[in-house]
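S.K.: The structure's right below; bear with me while I get my questions together.
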Amino acid sequence: MNERPQDTGTGGGHPGTDDDASPATGSAGGPERPVLDELVPRWDRGERHRLRVDAPAAAVIDAADGLTWGEVPSFRLVMRLAGLGRTPFPKDGRVLDMFLDNGFRMLHRSESQLVIGGIQRISRRQPIVPMGDDPAKEFRDFEAPAHILTSFDFRFSEGVLTTETRVRCTDRRARRLFAAYWLLIRAGSGGIRHVWLRGVRRRVRARAAGTG
């Protein structure tokens, strides 16, 4: 069955906004608490999409980490068009490297989830803020005005792969500017994430078939 990823987009949030989020770890062996809840407990814009995947958690997160452009050709085409062909997206290149090679950092990685985040200035000069040796803490505590903090994750719990994006703006001007941008990209962003989730699931199935 061609299952459509569930879209649960949000326009802002705080703890408790996301009713479908994985529960916090209570007893031994329980689901891992979403790290986004610790790094971005409050946010201005966000979206969340989910897809069932029948595989072990570690295999699913490894697939999300290692997914290449060649495995999501429609996503690759969209990004090439958006970049007017100026930015190469080689088929064997990792999708996540589009972020990690441009100032974003891996804020968390475990067997059941990974989190990517970046800090951007509202400025045409040096828009990306470099992070130091403890990027997760720096990202969580950052409060300088005129900045936009973007984060997204892949997390797997009880047979469901979720990707969630949260954007936090540090002042009113940043919030206003990003709101206008969000109106332009919201629909396309959701479509890309549907393609991304399906690409992860295909990679999981391909790896399982290869080892089987």
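S.K.: For the subset of the range 178-212 comprising residues that are under 22 Å from Arg42 (Cβ atoms) and of a type in the set (Ser, Thr, Tyr), which member is least open to solvent (accessible area, probe 1.4 Å)?
M.R.: Ser189
S.K.: Test Arg175 against the stated conditions and say whether it is closer than 21 Å to Glu47 by Cβ, touching a residue at least 12 places away in the same chain (Cβ under 8 Å) and open to solvent by 30 Å² or more (accessible area, probe 1.4 Å).
M.R.: yes
S.K.: Next question. So which residues in the range 169-212 are at pLDDT 95 or above and not in a helix (DSSP H, G or I), if there are any at all?
M.R.: Within the range 169-212, Cys169, Thr170, Asp171 qualify.
S.K.: So which of Arg140, Arg48 is farther than 22 Å from Leu177 by Cβ, open to solvent by less than 20 Å² (accessible area, probe 1.4 Å) and modelled with pLDDT of 95 or more?
M.R.: Checking each option against the conditions leaves just Arg48.
S.K.: OK, next. Restricting to the range 60-97, what's the tally of residues that are part of a helix (DSSP H, G or I) and either touching a Leu at 6+ places or on another chain (Cβ under 7 Å) or surrounded by fewer than 17 Cβ atoms within 10 Å (Cβ to Cβ) (or both)?
M.R.: The qualifying residues number 15.
S.K.: Cβ-Cβ distance below 6 Å, separation of 6 or more or different chains: which pairs start in the range 193-212 with a residue that is closer than 14 Å to Asp65 by Cα and end on one that is charged (D, E, K, R) and buried (at least 18 other Cβ atoms within 10 Å of the Cβ)?
M.R.: Pairs that qualify, where the first residue is closer than 14 Å to Asp65 by Cα and the partner is charged (D, E, K, R) and buried (at least 18 other Cβ atoms within 10 Å of the Cβ), are Gly199/Glu71; Arg203/Glu71.
S.K.: Return the residues of the range 101-131 that are open to solvent by 60 Å² or more (accessible area, probe 1.4 Å), assigned to a strand (DSSP E or B) and closer than 23 Å to Arg172 by Cα; say none if nothing qualifies.
M.R.: Of everything in the range 101-131, those that are open to solvent by 60 Å² or more (accessible area, probe 1.4 Å), assigned to a strand (DSSP E or B) and closer than 23 Å to Arg172 by Cα turn out to be Gln120, Arg121.
The values are calculated or read from the model by the stated rules, or taken from the named source; none is laboratory data. Remember, it's a predicted structure, so these values are computed and weren't measured experimentally. Heads up, the Cβs are rebuilt from the backbone with ideal geometry, glycines too, and the neighbour counts pull from every protein chain shown. Only protein heavy atoms, including side chains, enter the accessible area calculation; ligands, DNA and RNA are left aside. Shrake-Rupley method; radii C 1.70, N 1.55, O 1.52, S 1.80 Å.
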